[in-house]
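Here is the structure we will look at.
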Amino acid sequence: MAIRSFDRYSIAESGICVIDGSVLWYVEDGKDDCGACYDLNTGEKLAVIARKGTAANEINELTGFKVTEDAVMLYEGRNTIKTFAKKDILDDIPVEERKVVVATAPENLWVSRMAKLPNGSVLATIRPPFEFEKGKVDEINKKSVAIFGDNGVKSYETILYDSFDVKKASDTQIDADDLIKWTYAQGLIETKGNDKAVFAASDQFILYTLDLNNGEVVNEKRYSSIRRTEEEMSFATTNDMILSVQALQANDKYIVCKVEGYLSKEDKEIELRKEAIFVFDWNLKPVKKFELPDPEEKMGYYIISNDGSSVYFCEYHEEGVTLYKADLGI
């Protein structure tokens, strides 16, 4: 997998790059707008993505971003997704004239992560209760995943708690089942149409796929074992190799994830953390693995293109951002 220099863009270093086809989406929070999109080949700025504000078609608190085939989804806070037509943005329709579809989780649903499906429904992970909610756990929130929309809310259990070997909690630690549930809830989600989804657990190298029609887990792969950190009352977890999925993308054939940590026993012995791209089919059968080169003195990070076919390194410097690209050959 050869990495080559691609292009340079005059943008700041505080945001996140998303590569979708021939467009570079650059998302940032804290200014009057929420970033902009650029022609990937020429570097020409095409349009502002959205404005900050409290109107329905503005973003008050940007917490996430997703580009699909025909839509741009901006996550506002923990429980709201605002969906804009991709064409309206790329055509540079005035921001105030852009239409938006707002999806908000029910107030009684303890949402952690969400992903909107093509049919308009929303898939969400359910977090464990905080201390003041312990006596308010209803049947929906006892489960780990929910789908909500025009047909109401359905929740499903996807976690086999008894299959984990997490030490029993002390007086200053989170209950073991709550810790496991939080680890699954805080991870990443990618979907395949309206029928399938893949989840990556937080702070771990654990993946599982879900049939969205019946809420049943299809496959699960655990390359790490959840264990507690030394922090008191912490929801964070770790594992012996400090492995974690940092990025996740999927297409109709493959699931592609970027993993960080010790990739071998030798790496652990010399405390050398690395990054690698792992490719799976939708049965979670391993297809390919690419170890990513150490960027050495370059400041930046690796991202996977939206279609899962390439990996980019986004290098930050005084002039802006330079992209380096490698095709994965899948």
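The values are calculated or read from the model by the stated rules, or taken from the named source; none is laboratory data. Being a predicted model, the structure only gives us computed values, none of them experimental. Neighbour counts are summed over all protein chains in view; Cβ atoms, including those assigned to glycine, are modelled from backbone coordinates with ideal geometry. With ligands, DNA and RNA removed, areas are computed over all heavy atoms of the protein, side chains included. Shrake-Rupley method; radii C 1.70, N 1.55, O 1.52, S 1.80 Å.
Some values worked out for this structure:
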{"read-out": "Under 17 Å from K154, Cα to Cα: lysines that are on another chain or at least 8 residues apart", "value": "K116, K142, K143, K196"}
{"read-out": "Surrounding net charge for L263, when Lys and Arg each add one and Asp and Glu each subtract one, Cβ distance under 11 Å", "value": "0"}
{"read-out": "Cα centre as origin, Lys/Arg/Asp/Glu Cβ charges: segment 176-247 dipole, Debye", "value": "240 debye"}
{"read-out": "Rounded to whole Hz, the Karplus (6.51, -1.76, 1.60) HN-Hα couplings of segment 296-306, x for glycine and proline", "value": "6, 8, 6, 9, x, 7, 8, 9, 9, 4, 4"}
{"read-out": "Positive minus negative residues near F278 (Lys, Arg vs Asp, Glu; Cβ under 9 Å)", "value": "+3"}
{"read-out": "Percentage relative contact order, the chain, counting C-alpha pairs under 8 Å, at least six apart", "value": "14 percent"}
{"read-out": "Those lysines that a straight Cα-Cα span of less than 22 Å connects to K325, excepting residues fewer than 8 apart in one chain", "value": "K45, K66, K253, K258, K274, K288, K289, K298"}
{"read-out": "Cα gyration tensor shape of segment 260-330, rounded if a/c is under 1.5, else prolate or oblate by comparing a/b with b/c", "value": "oblate"}
{"read-out": "By average C-beta atoms within 10 angstrom, highest first, the peptides 103-113, 165-175, 200-210, 294-304", "value": "200-210, 103-113, 294-304, 165-175"}
{"read-out": "The chain - charge dipole about Cα centre, Lys and Arg +1 at Cβ, Asp and Glu -1, debye rounded to 20", "value": "800 debye"}
{"read-out": "Karplus 3J(HN,Hα) series, Hz, for segment 232-247 with 6.51 cos²θ - 1.76 cosθ + 1.60 (x for Gly, Pro)", "value": "7, 6, 9, 8, 6, 10, 8, 7, 4, 9, 6, 7, 8, 7, 9, 8"}
{"read-out": "Additional length obtainable on full extension of the chain from K268 to K253, 0.36 nm per residue less Cα span", "value": "2.1 nm"}
{"read-out": "Rg(Cα)/(2.2 N^0.38 Å) for segment 104-168, N = residue count", "value": "1.21"}
{"read-out": "Nitroxide proxy distance, nm - points 7 Å out along Cα→Cβ at R227 and E291", "value": "2.4 nm"}
{"read-out": "Computed helical MRE - 222 nm, the chain, DSSP H runs ≥ 4 contributing -39500 (n - 2.57), nearest 500", "value": "-1500 deg cm²/dmol"}
{"read-out": "Selection from L323, I19, I159 lying farthest towards where the dipole of the chain points positive, charges on Cβ", "value": "I159"}
{"read-out": "For segment 208-303, the fraction of alpha-carbon pairs in successive 5 Å shells from zero, as %", "value": "2, 11, 17, 21, 19, 15, 10, 4, 1, 0"}
{"read-out": "Sequence-distant residues sharing a close amide H with E58 (under 5 Å, placed H)", "value": "none"}
{"read-out": "Interchain or long-range residues, amide H under 5 Å from R113's placed H", "value": "T125"}
{"read-out": "Accessible-area composition of the chain, carbon plus sulfur, in percent [1.4 Å probe]", "value": "45 percent"}
{"read-out": "Residues whose placed amide H lies under 5 Å from that of K196, excluding near-sequence neighbours", "value": "L212"}
{"read-out": "Measure of compaction for the chain (Cα Rg per 2.2 N^0.38 Å)", "value": "1.01"}
